[in-house]
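Asks: Got a structure here, written out as structure tokens. Questions coming.
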Amino acid sequence: MILTETIYQTAVELHRQAAIKIPDDARRAVERIHEREMHDLSKYVLGQIIDNYQIAVEEQRPMCADTGLPRFFVKMGNEAQIEGGMVALERALRQATADATEAIPLRPNRVHPLTRKDLNNNVGVHAPDVDYSFEPDGEWLDLTVVHKGGLFGGDYRMLFPADGILGIQRFFLDSISEFFRRGMSCQPLVVGIGIGGSKDTCVRLAKAAACLRLVGHDNPDPEIAKLEHELLELGNSTGFGAMGLPGDSAIMDVHIEIAYTHTGGMPVAIQHFCFAHRRMTARISRDNQVEYREDPQWFTPYYCREEVE
Ligand code: SF4
């Protein structure tokens with residue numbers, strides 16, 4: 001039985017680790033970009049970003065003063081048993097978010113969209129977001145915390161099948177050049193792209209693709225991986241570098257995830273995840289042992305299954 005106290009303690013610790021330490025895959029990607037950047041100003045800014053990563057760990061303080069929107073991704077083995085059930089799990093995640101906001105501290109970013117009422121704890125209506133997925137057999141619970149920055153880096157377009165790859169490239173370029181030109185969403189960043197599904201699925205996939213895959217890892221489908229590489233090269237040939245400055249590399253990586261869609265359409269969504277690439281995962285086993293890791297392992301073969309079983 002997985003205890004709610006273990007879930008609560010783990011969620012608080014995940015918030016702390018996510019806010020402070022950028023995962024190795026993202027840090028290495030920024031270091032590679034820094035090495036090859038030819039423009040002085042972008043190179044200088046990239047150096048500052050890398051220094052800032054290190055200072056955050058040394059001083060155990062959040063890597064960016066804007067700690068984004070904290071959210072959870074929950075993946076459960078089919079045999080997992082939660083003390084108190086799923087409602088208890090959700091209560092533990094909300095309590096952990098409120099307590100972590102005060103203790104770390106996180107910036108209390110969540111407000112009522114109209115009145116701007118702020119409970120000062122990053123909790124509210126539909127906040128924090130919790131997404132779920134499931135796996136056969138396991139008795140474990142995986143919790144992933146993401147502190148999603150890059151508020152302004154999201155877009156959606158309904159394309160038609162005849163628009164093809166060229167249509168996706170055009171939307172991609174329209175979107176990134178608009179956001180980069182205005183200096184939004186703090187590059188270098190990961191671009192997540194959802195293709196297919198209905199609109200909500202498409203946008204959800206884009207966000208998960210940006211936040212939950214390791215930087216530098218391709219989609220296992222060779223056709224999709226080819227498009228990821230093409231868009232990465234295209235995006236990094238636009239003349240943008242770090243923070244909207246002239247440069248060679250505003251994009252760390254492009255991650256694409258797909259869903260089967262209506263035969264008449266080809267919806268595409270884009271989400272940016274900034275260089276404050278904050279995510280952390282923990283697996284809680286049946287005996288309440290906790291193992292922390294940086295790879296969310298969200299897009300499993302089961303999660304992306306295609307056939308009727
Ligand atoms: S976009 Fe990212 S790096 Fe920029 S202020 Fe927001 S959280 Fe910080």
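Asks: Once the Cα gyration tensor of the range 16-132 is found, what semi-axes does its equivalent ellipsoid get, as square roots of 5 times the eigenvalues, in whole Å, sorted largest first?
Replies: For the range 16-132, the ellipsoid semi-axes come out as 33, 19, 13 Å.
Asks: Could you give P(r) for the range 112-181, binned at 5 Å from zero, as whole percent values over all Cα-Cα pairs?
Replies: Bins of 5 Å from zero give 3, 10, 13, 13, 12, 14, 16, 12, 6, 1 percent of pairs.
Asks: Please build a GNM for the chain, connecting alpha carbons under 10 Å apart, and tell me which residue among Arg181, Arg279, Arg94 fluctuates the most.
Replies: Among Arg181, Arg279, Arg94, the largest GNM mean-square fluctuation belongs to Arg181.
Asks: Continuing with this model, one more query. Determine the relative contact order of the chain: mean sequence separation of Cα pairs under 8 Å and six or more apart, normalised by residue count, in whole percent.
Replies: Once divided by the residue count of the chain, the mean separation gives 26 percent.
Asks: A follow-up question, please. Given N residues in the range 5-55, what is its alpha carbon radius of gyration divided by 2.2 N^0.38 Å?
Replies: 1.54
Asks: Over the chain, what is the percentage of antiparallel beta bridges among all DSSP beta bridges, to the nearest 5?
Replies: 70
Asks: Output wanted: per-residue J couplings in Hz (rounded whole) for the range 115-123, from phi through Karplus 6.51 cos²θ - 1.76 cosθ + 1.60, θ = phi - 60°, x for Gly and Pro.
Replies: 7, 6, 4, 10, 7, 6, 9, 6, 10
Asks: Can you tell which of Gly68, Gly239, Gly247 shows the greatest fluctuation in a Gaussian network model of the chain with Cα springs below 10 Å?
Replies: Gly239
Asks: If you wrap a convex hull around the Cα atoms of the chain, how much volume per residue is inside, in Å³?
Replies: Taking only Cα atoms, the chain has a hull volume of 134 Å³ per residue.
Asks: Work out, step by step, the length gained on full extension between Glu291 and Asp221: first 0.36 nm times the residue separation, then minus their alpha carbon distance; give nm to one decimal.
Replies: Length gained, Glu291 through Asp221: 22.3 nm.
Asks: Taking the Kirkwood radius as the inverse of the mean 1/r across Cα pairs, report the Rg/Rh of the range 242-309.
Replies: So for the range 242-309, dividing Rg by the Kirkwood Rh gives 1.08.
Asks: May I pose another question? Restricting things to alpha carbons, tell me how big the range 150-273 is in terms of Rg and Dmax, in Å.
Replies: Taking only Cα atoms of the range 150-273, I get Rg and Dmax of 13.2, 41 Å.
Asks: Then there is this: So how compact is the range 188-258: Cα radius of gyration and Dmax in angstrom?
Replies: 12.3, 36
Bear in mind these aren't lab numbers, they're just calculated from the coordinates by the rules spelled out. Note that the coordinates shown come from a computational prediction; the quantities given were computed from them, not determined experimentally.
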